[in-house]
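Asker: Here it is, the structure in full.
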2 protein chains.
Amino acid sequence: MEYKYAKRMEHIKASEIRELLKLTEKPEVISFAGGLPAPELFPVEEIKAVNDHVLDHHGEQALQYATTEGYKPLREWIAKRMNANLGTSFSDDNIMITHGSQQALDLSGKVFLDEGDVVLCESPTYLAAISAFNAYGCRFVEVETDEEGMIITELEKALKVNPGSKLIYVIPDFQNPTGRTWSLKRRRELADMAAKYQVMVLEDNPYGELRYEGEFLPSVKSFDRVGSVVCTGTFSKVFCPGYRIGWIAGEKEVIRKYVLVKQGVDLQCNTIAQMVIAAYLEKYDIDAHINKIREVYRKRRDVALDAVSRYFPSDIKYTKPEGGLFLWIELGESVNTVDLLEKCLEYDVAFVPGNSFYPNQNKCNTLRINFSNMQEDKITEGIARIGRILRHS
Amino acid sequence: MEYKYAKRMEHIKASEIRELLKLTEKPEVISFAGGLPAPELFPVEEIKAVNDHVLDHHGEQALQYATTEGYKPLREWIAKRMNANLGTSFSDDNIMITHGSQQALDLSGKVFLDEGDVVLCESPTYLAAISAFNAYGCRFVEVETDEEGMIITELEKALKVNPGSKLIYVIPDFQNPTGRTWSLKRRRELADMAAKYQVMVLEDNPYGELRYEGEFLPSVKSFDRVGSVVCTGTFSKVFCPGYRIGWIAGEKEVIRKYVLVKQGVDLQCNTIAQMVIAAYLEKYDIDAHINKIREVYRKRRDVALDAVSRYFPSDIKYTKPEGGLFLWIELGESVNTVDLLEKCLEYDVAFVPGNSFYPNQNKCNTLRINFSNMQEDKITEGIARIGRILRHS
């Protein structure tokens, strides 16, 4: 049988990098490649307790079909949390639960993107957002980005050159892959630009709660006066990713479209997962839990930064993130980090070459380091190993 | 802000029926409208036990990210089960876990359907499959269907008139909405047609395990010699729907495409849900559990059939399903079942008007009755009530 796939499958290809990174599954490999939270911090005992509670008191409801929008008490909690931390003014009707925030990205593509539509993004940007939007045949326009976020004059240029652009995709807090955080000024300016040019902003915020220093900043959404911003969030980084519970938040009219689309896509999210998380949030102190995570990751970040400064060549540039899971390193122009990865794998250490984070360009001398999922001594050992390989190549 | 949605959103609209059926959420309504399993049969205590076991022994793994393909022991179990019951010859590499079998339908659209592509389907067919495929802008061609399934000469005519048709979508066991089951002969002939015309078949099988009489039949896939059939399955009807765990099964090369698409869509299914189900299947006797479900639903079907024969006008036609969750009723030509539903809602009883199950036609005199989610006395009472309204209108 000669299979006749949809045309979009031409954009959806197995990544060579992903194939290479399969080698990192061996236990002896020190891998900085993933974006995994530290499993030793998962509140396993508490989850057991709330799971039992939910099954004891609401077993039939928890195992049955439920609404597409999601479990109301959980949506209420999310709305309150966002209002308190991000300066929004949401109620539960502004929130739909998604299968991780990755699904929020995919559904955003489904709701907004026709073939050929322009998506403006930071340069570099999140790998799996590129995959999600690519499936809708969009065209990416990368906007130059510095320590404060997208350079707004560059954004406006891009908006003028590409009239009818559909989406501006940004990760203002501890961006993936760079770890950078947008300044307050740029957040406000982005909201203004979106209003002026009538373009939707998708504000992706998986890491915002994981701040290790400095002050929390209000979201881009908090500056939105016309309803042009939708936001994602997730329990993957502050609770655990195994439950696959995230959300999309925005104007009611827009969220209703997401609900219609999700009905056809998968009906609803896991009922018991939503109820277990809601029960956890009611019975336990999630802030205390997040503080514990922050403390551990802050130390790991410091160890990683220290090791990079000690073991990497001195002509490199790297970010010093105030939170999140990643460092971003720019090596000398002549280095190709895909080749470097192949060499590193021979010595059982891995990272993600930066090239994959640029939808259009070939920028071969960057790499991403994840520091959340490894003990401190391993971080030092792994970075020292990459440093040695760099110096000898 | 004037929102510029994707063109596909024109096909994705709120259904009037769904709005009407929101009224059925009041507890006093006897609703035959859903497709819900009976929650009193969910193995709540067993699930509590296996959930605790999984968290005690594999807590960190169960709450962490995992592979897109799904949990290997679960995929192995599914392959073995399908091979034993459905005449397939799968291994775990032929299976990808999906977020309910609804996601298997949506991903099939994403893998195969371009705008304007033809999907051949039974007439009538599953409502939410129409929604899933509609999002890809396909064109439905309904194939005339009788007690034995699609009429194969009609299918061949449709294939000739629509060269390049992409997908034949069928539910051979206890079809939704009619409850009908395809004969062995038609299954074989469908596989032959698919091979001859090089068209993919999507064999949707959410209800196959719920047979109340007669013999189990091999799947269409078991007659597939060219690799043109993919199959769905789900734990929603034999275990519980709240976990949202289903699957897609087919040739390895095709399943690899589904995996690529799922990576961008939502990364993976709920890790702990997969492990809990796998642990349940290892520790408990699912066949004994399914037998319990069969016994209860068989009785409810009998009660429903008996009530229809007693309380409905004598000029109607209705199916006598050998399994599954639904009866299908054809009333006199002059009856409009949407109007009937409105009247019935005044008397606190509901069903789904049949019109929604035809992608192209307006067939207004049919309706679907679900019998799995209600006590026997309520079934009789509800059907008697509809019967009274029918006789007096």
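The values are calculated or read from the model by the stated rules, or taken from the named source; none is laboratory data. None of these values were measured; they are calculated from a predicted model. Every residue, glycine among them, receives a Cβ derived from its backbone with ideal geometry; neighbour counts consider all protein chains shown. All accessible areas refer to the heavy atoms of the entire protein, side chains included, with ligands and DNA or RNA removed. Shrake-Rupley method; radii C 1.70, N 1.55, O 1.52, S 1.80 Å.
Asker: For B:G354, all conditions in the list (1) without any contact (Cβ under 8 Å) to a residue 60 or more places away in the chain; (2) more than 30 Å from B:N51 (Cα to Cα) hold save one; what is the number of the exception?
Answerer: Tallying (1) without any contact (Cβ under 8 Å) to a residue 60 or more places away in the chain; (2) more than 30 Å from B:N51 (Cα to Cα), B:G354 fails exactly one: (1).
Asker: Sticking with this structure for a sec: Give the number of residues within the range B:271-298 that are without any contact (Cβ under 8 Å) to a residue 40 or more places away in the chain and buried (at least 22 other Cβ atoms within 10 Å of the Cβ).
Answerer: So the count comes out to 1.
Asker: Sticking with this structure for a sec: I'm trying to understand the selection: among the residues of the range A:341-360, which are of a type outside the set (F, W, Y), open to solvent by less than 70 Å² (accessible area, probe 1.4 Å) and within 25 Å of the chain's Cα centre (by Cα)?
Answerer: Listed by number, the residues that qualify are A:L341, A:V349, A:A350, A:V352, A:P353, A:G354, A:N355, A:S356, A:P359.
Asker: Continuing with the same structure: With the requirement that a residue be under 19 Å from A:P206 (Cβ atoms) and more than 10 Å from every other protein chain (Cβ to nearest Cβ), what does the range A:263-289 give you?
Answerer: Those that are under 19 Å from A:P206 (Cβ atoms) and more than 10 Å from every other protein chain (Cβ to nearest Cβ): A:I277, A:Y280, A:L281, A:I286, A:D287, A:H289.
Asker: Among the residues of the range A:129-138, write down those that are in contact (Cβ under 8 Å) with a residue 60 or more places away in the chain and either open to solvent by 20 Å² or more (accessible area, probe 1.4 Å) or not in a helix (DSSP H, G or I) (or both).
Answerer: A:S131, A:N134, A:A135, A:Y136, A:G137
Asker: Another question, then. What helices (runs of 4 or more DSSP H) completely inside the range A:1-112 contain at least 2 residues that are at the interface with another protein chain (Cβ under 10 Å from one of its Cβ atoms) and open to solvent by less than 60 Å² (accessible area, probe 1.4 Å)?
Answerer: Per the criteria, A:44-63, A:100-112.
Asker: Another one. Pull up the range A:200-243, narrow it to residues that are away from chain B (no Cβ under 14 Å), of a type in the set (F, W, Y) and closer than 19 Å to A:N373 by Cα, then point me to the one that is surrounded by the fewest Cβ atoms within 10 Å (Cβ to Cβ).
Answerer: So, considering only residues that are away from chain B (no Cβ under 14 Å), of a type in the set (F, W, Y) and closer than 19 Å to A:N373 by Cα, the one surrounded by the fewest Cβ atoms within 10 Å (Cβ to Cβ) is A:Y212.
Asker: Only residues that are crowded, with 23+ Cβ neighbours inside 10 Å, in contact with a Phe, Trp or Tyr (Cβ under 9 Å, 6 or more places away or on another chain) and not basic (K, R): list them for the range B:173-199, please.
Answerer: B:D173, B:F174, B:Q175, B:N176, B:P177, B:T178, B:G179, B:T181, B:L190
Asker: May I pose another question? Can you tell me which residue is farthest from A:L55 (Cα to Cα) among those in the range B:244-258 that are facing chain A (nearest Cβ under 8 Å) and either in contact with a Phe, Trp or Tyr (Cβ under 6 Å, 6 or more places away or on another chain) or open to solvent by less than 10 Å² (accessible area, probe 1.4 Å) (or both)?
Answerer: Top of the filtered list is B:V254.
Asker: Taking only the range B:39-67 into account, find how many residues are under 19 Å from B:F235 (Cβ atoms) and of a type in the set (S, T, Y).
Answerer: 1
Asker: Of the residues A:V161, A:V141, only one is open to solvent by 10 Å² or more (accessible area, probe 1.4 Å), away from chain B (no Cβ under 12 Å), touching a strand residue (DSSP E or B) at 6+ places or on another chain (Cβ under 6 Å) and hydrophobic (A, V, I, L, M, F, W, C); which?
Answerer: Just one listed residue meets the conditions, A:V141.
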